[in-house]
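Asker: Before I ask anything, here is the structure I am working with.
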Amino acid sequence: MARFFVGASYDLGQIASLSKEDSYHIKRVLRLGQGDILTLCDGQGYDYRAAIESITTDNLLCKILDKERSVGEPDTKLVLYQGLPKSTKMDLIVQKTVELGVHRIVPLISERVVVKLSSDKDAKKKQQRWQRIAMEAAKQSGRGIIPSIHMPMTFKEAVSKEVPGSSEGSLKLILWEEEKQISLRSILDKHDKASNISIIIGPEGGLSEKELALAKEHGWLSASIGPRLLRTETAGMAVIAAIMYRMEEMEWK
């Protein structure tokens, strides 16, 4: 069933209005009309079953028939701090990690990042592009929210930033290729009740020992995912999938 995000919450019987862009897509691409059923999402974790009341190329009104929690939204809130990669790799990272259930993504400017943002305007332009990709991925994968894409942040800012939630329910992980003693699985086994998890993934050149030391000073735990060295665009997806599996977020509840 077609799924669209709306910028408000509704009660049963209320009339929802969709954007011009969505109205055009529903009429011209999906070829739906009066009486057809849509799924709307308020971006706050609720889905609505709605019937089209009237539709034009510029406007669509539909009546709310039912409301329920979004089954596609995981309970585990996972924040990905991703070292800025080269080329368009960030597009892929955003798309796939949103599909897997990431809650928020923070592009990370670390010591070995090759990409240079020429200005605040350039950073904002990229952030807006990634946010659009996140929205489309959220629609496609049945998410209950549109994960937010933060403006690029320095490594120092990221590791010192407080993670949402109580200290008991929060876990801060940094993927480190030289870590050979502590596995991601062992950490997750010890923190199986964590509800807010943050993970740092370095860029193509990895993270420096200085950065690792700084992260540990702020309570981040270094973790290994084994002897295979993954590309930066693969590592985040692999770690998020592993965390979601361990936290039983890949099961129907």
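Asker: Might you report the magnitude of the Cβ-based charge dipole of segment 1-119 about its Cα centre, with Lys and Arg at +1 and Asp and Glu at -1, to the nearest 20 debye? Walk me through the numbers on the way to the answer.
Answerer: Details: 16 positive and 15 negative charges, 112 e Å.
Charge dipole of segment 1-119: 540 debye, to the nearest 20.
Asker: Round to the nearest 10 and report in Å² the accessible area of LEU32, as given by a 1.4 Å probe over the protein chains' heavy atoms.
Answerer: Only protein atoms counted, so the area is about 50 Å².
Asker: Calculated from the structure, semi-axes √(5λ) of the Cα gyration tensor in Å equals which of [x] 30, 28, 15; [y] 37, 21, 14; [z] 49, 16, 15?
Answerer: It is the one labelled [y].
Asker: Here is a follow-up. For ASP91, ASP58, write out the residues from largest to smallest accessible area, computed with a 1.4 angstrom probe and no ligands counted.
Answerer: On the way: ASP91 25, ASP58 90 Å².
Descending order: ASP58, ASP91.
Asker: Here's another thing I want to ask about it. Between segment 215-253 and segment 123-140, what is the separation of their alpha carbon centroids in Å?
Answerer: Using only Cα atoms, the two centres lie 22 Å from each other.
Asker: Out of all DSSP beta bridges with both ends in segment 34-156, state the antiparallel percent to the nearest 5. Before the final figure, lay out each step's value.
Answerer: Values: 14 of 23 bridges.
Roughly 60 percent of the DSSP beta bridges within segment 34-156 come out antiparallel.
Asker: If you take the beta carbon distance between SER17 and VAL71 as r and set R0 to 30 Å, what does 1/(1 + (r/R0)^6) give as a FRET efficiency, to the nearest 0.05?
Answerer: Values: r = 25 Å, r/R0 = 0.84.
The computed FRET efficiency comes out at 0.75.
Asker: Would you pull out the residues with amide H under 5 Å of SER183's amide H, same chain only if 5 or more places away, H placed 1.01 Å from N?
Answerer: SER224
Asker: Sticking with this structure for a sec: Give the cross-link partners of LYS67 among the aspartates and glutamates, using a straight C-alpha distance below 16 Å as the criterion and excluding same-chain residues fewer than 8 apart.
Answerer: Result set, ordered by chain and number: ASP11, ASP42, ASP47.
Asker: Helix 232-246 sits at what angle to the longest principal axis of the chain, using alpha carbons and giving 0 to 90 degrees rounded to 10?
Answerer: The angle comes out near 80 degrees.
Asker: 5 Å is the cut-off here: which amide hydrogens, built 1.01 Å from N in the peptide plane, fall below it relative to LEU78, excluding neighbours closer than 5 in sequence?
Answerer: Amide H to amide H, under 5 Å and 5 or more residues apart or across chains, LEU78 pairs with HIS103, ARG104, ILE197.
Asker: Helix 120-141 against the longest principal axis of the chain: what's the angle in degrees, Cα atoms only, rounded to the nearest 10?
Answerer: 60
Asker: Which one, GLN82, HIS103, LEU60, projects farthest toward the positive side of the charge dipole computed for segment 30-111 from Cβ point charges (K/R +1, D/E -1)?
Answerer: The Cα lying farthest towards the positive end belongs to GLN82.
Asker: Separate question: Looking at segment 202-253, which chymotrypsin sites (Phe, Trp or Tyr not before Pro) are in a loop (DSSP not H, G, I, E or B) and have at most 11 other Cβ atoms within 10 Å? Could the numbers behind the result be given before it?
Answerer: Numbers: sites: TRP220, TYR245, TRP252; in loops: TRP220, TRP252.
Listed in order of number, the matching sites are TRP252.
Asker: Okay, moving on. Considering only DSSP beta bridges where both residues belong to the chain, give the percentage that are antiparallel (nearest 5). Write out the running numbers ahead of the final one.
Answerer: Details: 18 of 45 bridges.
If we restrict to bridges inside the chain, about 40 percent are antiparallel.
Asker: Once you sort the root eigenvalues of the Cα gyration tensor of segment 1-102 as a ≥ b ≥ c, which label holds: rounded (a/c under 1.5), prolate (a/b larger than b/c) or oblate (the other case)? Kindly include the intermediate steps, with their values, before the conclusion.
Answerer: Details: a/c = 3.03, a/b = 1.66, b/c = 1.83.
Here segment 1-102 falls in the oblate category.
Asker: Only Cα pairs within less than 10 Å get springs; with that Gaussian network setup on the chain, which residue of GLN127, GLN14, GLN44 has the largest fluctuation?
Answerer: In this elastic network of the chain, the residue with the biggest mean-square fluctuation among GLN127, GLN14, GLN44 is GLN14.
Asker: Between ALA213, ILE146, LEU184, whose Cα lies farthest towards the positive end of the dipole of segment 113-253 when Lys and Arg beta carbons carry +1 and Asp and Glu beta carbons carry -1, centred on the Cα centre?
Answerer: ILE146
Asker: Assigning unit charges at the beta carbon (Lys, Arg +1; Asp, Glu -1) and nothing else, what dipole magnitude in debye, to the nearest 20, does the chain show about its Cα centre? Please list the in-between numbers first.
Answerer: Numbers: 37 positive and 34 negative charges, 129 e Å.
Its charge dipole is roughly 620 debye.
Asker: Given GLY226, LEU175, PRO203, which one lies farthest toward the positive end of the charge dipole of segment 175-239, if we put +1 on the Cβ of every Lys and Arg and -1 on the Cβ of every Asp and Glu?
Answerer: Value: GLY226.
Asker: Is the C-alpha gyration tensor of segment 1-54 telling us rounded, prolate or oblate? Criteria: a/c under 1.5 is rounded; beyond that, a/b larger than b/c is prolate, otherwise oblate.
Answerer: On the way: a/c = 1.82, a/b = 1.47, b/c = 1.24.
It comes out prolate by the Cα gyration axes.
The values are calculated or read from the model by the stated rules, or taken from the named source; none is laboratory data. Note that the structure is predicted; figures quoted are calculated from it, not measured. Methodologically, a virtual Cβ is constructed for each residue, glycine included, from the backbone with ideal geometry; neighbour enumeration extends over all protein chains shown. Each accessible area value is taken on the protein alone, full model and side chains, heavy atoms only, with ligands, DNA and RNA left out. Shrake-Rupley method; radii C 1.70, N 1.55, O 1.52, S 1.80 Å.
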